[in-house]
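**Student:** I am attaching a structure below and will ask some questions about it afterwards.
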Amino acid sequence: MTFPERRLRRLRRTPGLRRAFTETRLSPSDLIAPLFLKEGISDPVPISSMPGQQQHTLESLVKDAREVAERGVAGVVLFGIPAHKDATGSEASSAQGIVQRGLAALKDELGDGFVVIADLCLCEYTDHGHCGIIENGDVANDRTLEAYRRIAVSQARAGADIVAPSGMMDGQVVAIRQALDSEGLGETAILAYATKYASSFYGPFREAAEGAPQFGDRRSYQQDPANVEESLREVAEDIEEGADAVMVKPAIAYLDVVRAVKETFGYPTAAYNVSGEYSMLMAAAERGWLDERQATLETLTSIRRAGADLVISYHAKKAAEWLA
Ligand code: PBG
């Protein structure tokens with residue numbers, strides 16, 4: 001049977017029919033909100049390139065996270081911005097460091113019904129802004145792994161449910177897994193930023209997290225946007241090394257990668273709807289060129305439709321409100 005008997009519009013005729021035949025559902029529990037915590041400020045500082053986002057104090061962080069949790073969002077990923085940076089990013093693994101204090105406060109306040117993820121990287125902590133330790137003008141992989149091991153242990157001890165290494169060093173997952181296990185932290189999970197591209201869409205984040213590279217760029221460790229087979233190798237490697245879940249980043253410009261990763265591995269998969277993707281939508285909405293609510297929910301649904309189980313997004317809090 002075909003047209004004129006077959007009419008695909010029949011199932012789109014009413015709101016009830018449309019709802020009954022929806023293929024992809026989006027709910028607050030599919031979302032993770034990224035939050036920034038800055039040391040040494042007494043009031044939250046708005047991030048001008050990311051309307052609606054701020055660098056938090058410990059107090060405003062806990063308050064915001066509580067509101068996020070109340071709306072049913074699955075959890076948060078926390079980024080720390082220390083008062084002091086140095087060449088090796090030594091503050092990143094300090095037991096009293098800003099992110100460690102934030103993780104402890106969040107865990108304390110929100111308990112086990114809410115997931116607390118620690119971004120694990122050095123770029124917010126190094127004075128040169130790179131994601132690792134520099135030798136001969138480039139990030140030295142294996143020395144950087146030593147630092148990542150210490151950071152993972154300190155973040156897990158502070159209470160992180162999950163650590164999320166985002167530096168794209170080779171061997172970072174196995175290094176962290178071994179460090180955690182040898183310190184009796186075998187319960188802490190790893191969400192690997194498994195495939196992360198050298199993307200222009202991180203621009204606003206670098207203002208937010210104060211982690212822009214002071215020389216060069218990140219192309220010796222982050223991937224070329226033109227590649228997808230390489231992403232499958234990265235994901236295979238991270239799963240082999242012990243990742244509990246994997247991430248694709250960015251999301252909107254990389255929906256094909258999300259789909260390929262999910263179909264190839266059938267593994268828990270997150271996608272990071274990054275700062276530039278957020279800001280471009282918000283900028284268009286501010287100008288009245290896009291409807292913020294519709295464009296946001298469409299974007300988040302598309303990322304789910306591509307195959308992501310979890311979407312990390314600055315839209316999480318508002319989207320959860322709209323979905324309620
Ligand atoms: C740190 C890190 C970055 C982002 C998350 N973790 C920045 C970068 O790699 O330059 C970007 C997040 C965003 O743009 O929202 N390695």
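**Student:** How many residues are in a loop (DSSP other than H, G, I, E, B) and either more than 25 Å from SER29 (Cβ to Cβ) or modelled with pLDDT under 95 (or both) if we restrict to the range 270-294?
**Tutor:** 4
**Student:** For the range 108-126, indicate whether the set of residues that are within 16 Å of the ligand (Cβ to nearest atom), assigned to a helix (DSSP H, G or I) and within 21 Å of ARG157 (Cα to Cα) is non-empty.
**Tutor:** Checking the range 108-126: not a single residue is within 16 Å of the ligand (Cβ to nearest atom), assigned to a helix (DSSP H, G or I) and within 21 Å of ARG157 (Cα to Cα).
**Student:** Working only within the range 26-80, note down all residues that are surrounded by fewer than 16 Cβ atoms within 10 Å (Cβ to Cβ) and among the polar types (S, T, N, Q).
**Tutor:** SER27, SER29, SER42, SER48
**Student:** If you go through the range 10-56 one residue at a time, how many are touching a residue at least 24 places away in the same chain (Cβ under 8 Å), in a loop (DSSP other than H, G, I, E, B) and within 27 Å of ILE162 (Cα to Cα)?
**Tutor:** 10
**Student:** Kindly provide the set of residues from the range 207-258 that are in contact with a Gly (Cβ under 8 Å, 6 or more places away or on another chain) and without any contact (Cβ under 8 Å) to a residue 60 or more places away in the chain, ordered by number.
**Tutor:** Hits for the range 207-258 are PRO250, VAL258.
**Student:** Now, a different point. Within the range 247-282, can you find the residues that are farther than 22 Å from LEU78 by Cβ, out of contact with any strand residue (DSSP E or B) (no Cβ under 7 Å at 6 or more places or on another chain) and within 15 Å of the ligand (Cβ to nearest atom)? First the steps, then the outcome.
**Tutor:** First, pick out the residues of the range 247-282 that are farther than 22 Å from LEU78 by Cβ: 252-267, 280-281.
Adding the requirement that they be out of contact with any strand residue (DSSP E or B) (no Cβ under 7 Å at 6 or more places or on another chain) leaves 253, 255-256, 259-260, 263-266, 280-281.
Once the filter is applied, which keeps residues that are farther than 22 Å from LEU78 by Cβ, out of contact with any strand residue (DSSP E or B) (no Cβ under 7 Å at 6 or more places or on another chain) and within 15 Å of the ligand (Cβ to nearest atom), the range 247-282 yields ALA253, MET280, LEU281.
**Student:** Hey, ALA316 hits all of (1) free of Cβ contacts under 8 Å to residues at least 60 places away in the same chain; (2) out of contact with any Gly (no Cβ under 7 Å at 6 or more places or on another chain) but one; which does it fall short on?
**Tutor:** (1)
**Student:** List the helices (runs of 4 or more DSSP H) inside the range 141-246, counting only whole elements, that have at least 2 residues being within 16 Å of the ligand (Cβ to nearest atom) and under 16 Å from GLY89 (Cα atoms).
**Tutor:** Of the helices (runs of 4 or more DSSP H) lying wholly inside the range 141-246, those with at least 2 residues that are within 16 Å of the ligand (Cβ to nearest atom) and under 16 Å from GLY89 (Cα atoms) span 141-158.
**Student:** If I ask for residues that are in contact with a Gly (Cβ under 9 Å, 6 or more places away or on another chain) and free of Cβ contacts under 8 Å to residues at least 40 places away in the same chain, which ones from the range 259-282 would you list?
**Tutor:** ALA260, the sole residue that qualifies.
**Student:** Report, by residue number, each residue of the range 294-317 that is farther than 23 Å from VAL246 by Cβ and within 16 Å of the ligand (Cβ to nearest atom).
**Tutor:** THR296, LYS317
**Student:** State whether the residues of the range 306-319 include one that is charged (D, E, K, R) and outside any helix (DSSP H, G or I).
**Tutor:** Looking for residues that are charged (D, E, K, R) and outside any helix (DSSP H, G or I), one finds at least one in the range 306-319, hence yes.
The values are calculated or read from the model by the stated rules, or taken from the named source; none is laboratory data. Fair warning: this is a prediction, and the values are worked out from it, not measured in the lab. In this analysis, Cβ positions are derived from the backbone assuming ideal geometry, glycine residues included, and neighbour counts consider all displayed protein chains.
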